[in-house]
Amino acid sequence: MIFATIADGQIHDSEILRLDVWDKLAILAAVGLFFVFVILCMVCVLSPFCFLYRICPFQYDRQPQVSPYPMPGYGATEYDVTKEKSVKGKRQGRLVSIKEDYSSEWSDSSGPTIIELKKTSLRGPPSFPDDSSFTDEAHAILKSADIEFSLKYNKLEGKLSLKILQIKNLSLQDVNSVISPYVRARFYRAPKQLFSFGKEYVINNLDKEVQTKMQKASENPVFNESFQLDVDQRDLSLYTLRLHLCDFDRFTRHILLGEVTVIIRKLELPDATEVTYTEKMEQPAEEDLGEICLGMNYLPTAEKLYLTVVRVHGLKAMNRTTNTTDAYVKVVLMHEGRQLKKVKTVIKISDLNPDFDETFAFDVPSQELNNVYFCAAVIHANKDQRQHRLIGRMYLGPSFGTDAHSHWVEMTQNQRKQVTCWHKLHC
């Protein structure tokens, strides 16, 4: 770079100023720092995150921003923008699960009063206002049915093949009932013992579970579906097969209608030969899958329904190696067979009697309170396999069994008070 003066059209060499490389870099750095300084000044004026923002004299009056969160819809959880930093959730355009502290939303400062229903108080269903459709048996009841299936064992491959053929002579107690049946097959593996007493199968030794496709509105469904189980020949006698006839009803409930128990060691299975059996369906035996304690309360002013998963008691050990269960509870708010919102608790590791004490909020208008219901499922988080295993479920609503109906009615009649009750789990 050369700076010079021009006199009489000539450049005098004595007046030439030469700059080396370092001088040039210094000039460029100075120009860069100047632009950085200008940008920092603009940021301090415009951005509220700058520590000089509050004392900056160049601030201008800002208009209040409109909240980007729309009004919560039916079945969604109301989002408090003032608690945005402390609540982790998504925008309220969707049905979102948000666990929140609702102690500030009660009308009185003392918080909710807890009412615990005892089993003795649930012997008879109380009257439900404006509801005459309640029945203690809100699902179809099987009168008689026969199931046709086949078994084949291949000693060379070590595979037990099961084929569900059809359901014959299906009869229901209510001739007007319409069912959508499917068959669920469960293989139980008994532990090896020197002495065997009592039960032929154990629920916590469930080895595999499969099911057929559902046949909509079918009286004598034909399935013709095959399944395979890898079984060593020395362990074949330890297995027990249970076939469940189930119905997927209008409330999207999985209702167990009947069952058949097949003890493999009592059968004569020729090698690689398919043998067909026809067995009469029996009434399902009640299994002790445990109990779940749930609490409900409704705030009519805010139109919020709260469900608290308190604890679960008496779970079976689903992990055979550790003899424990890693359980969590999945809750679904339902309306006319449609899922409105799904939430779940944390996983309690190695606990057969887990305490959860987790509360979930649901926006339910008061006029729809008697039309919604809950499905609470206790699930084992299987670490070894991708699929988690269902332990048991129950349905809580105004149109179900005596316990569920009484719990719901007590909640509606004691608003702003938490009503808790124990419920049995069913498969």
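List of remarks:
- Relative compactness, segment 318-412, computed as alpha-carbon Rg over 2.2 N^0.38 Å: 1.23
- Peptides 256-266, 28-38, 302-312, 211-221 ordered by packing proxy, namely the average of other Cβ atoms within 10 Å per residue, highest first: 302-312, 256-266, 211-221, 28-38.
- Amide hydrogen neighbours beyond the local backbone of residue 143, cut-off 5 Å, H modeled: 171, 172, 173
- For residue 289, the residues whose amide H sits under 5 Å from its own are 425, ignoring neighbours fewer than 5 places away on the same chain, with H placed 1.01 Å from N.
- Phi-derived couplings, Karplus 6.51 cos²θ - 1.76 cosθ + 1.60 at θ = phi - 60°, listed residue by residue for segment 35-40: 5, 4, 4, 5, 5, 4 Hz, with x used for Gly and Pro.
- Taking a ≥ b ≥ c as the square roots of the eigenvalues of the Cα gyration tensor, segment 366-424 is classed as prolate, since a/c reaches at least 1.5 and a/b is larger than b/c.
- Proximal charge balance of residue 375 [Cβ under 9 Å; K/R count +1, D/E count -1]: +3
- Square roots of five times the Cα gyration tensor eigenvalues for segment 244-334, Å: 40, 20, 11
- 3J(HN,Hα) from dihedral phi, segment 394-408, Karplus parametrisation 6.51/-1.76/1.60, rounded to Hz, x for glycine, proline: 8, 10, 10, x, x, 10, 10, x, 4, 4, 5, 5, 4, 4, 5
- Computed from backbone phi with θ = phi - 60° and the Karplus coefficients 6.51, -1.76 and 1.60, the 3J(HN,Hα) list for segment 205-214 is 9, 5, 9, 7, 9, 9, 8, 7, 6, 7 Hz; x is used for glycine and proline.
- Sorting 404-412, 315-323 by average packing, meaning the other beta carbons within 10 Å per residue, from highest down gives 404-412, 315-323.
- Applying a threshold of 24 Å to the alpha-carbon distances of 348/424; 208/330; 304/424; 216/424; 152/213; 348/383 flags 304/424; 216/424 as lying beyond it.
Computed from the coordinates by the stated procedures, all read-outs in this text should not be read as laboratory data. Source: prediction; values computed, not measured. Backbone-built Cβ (ideal geometry, glycine too); neighbour counts: all protein chains shown.
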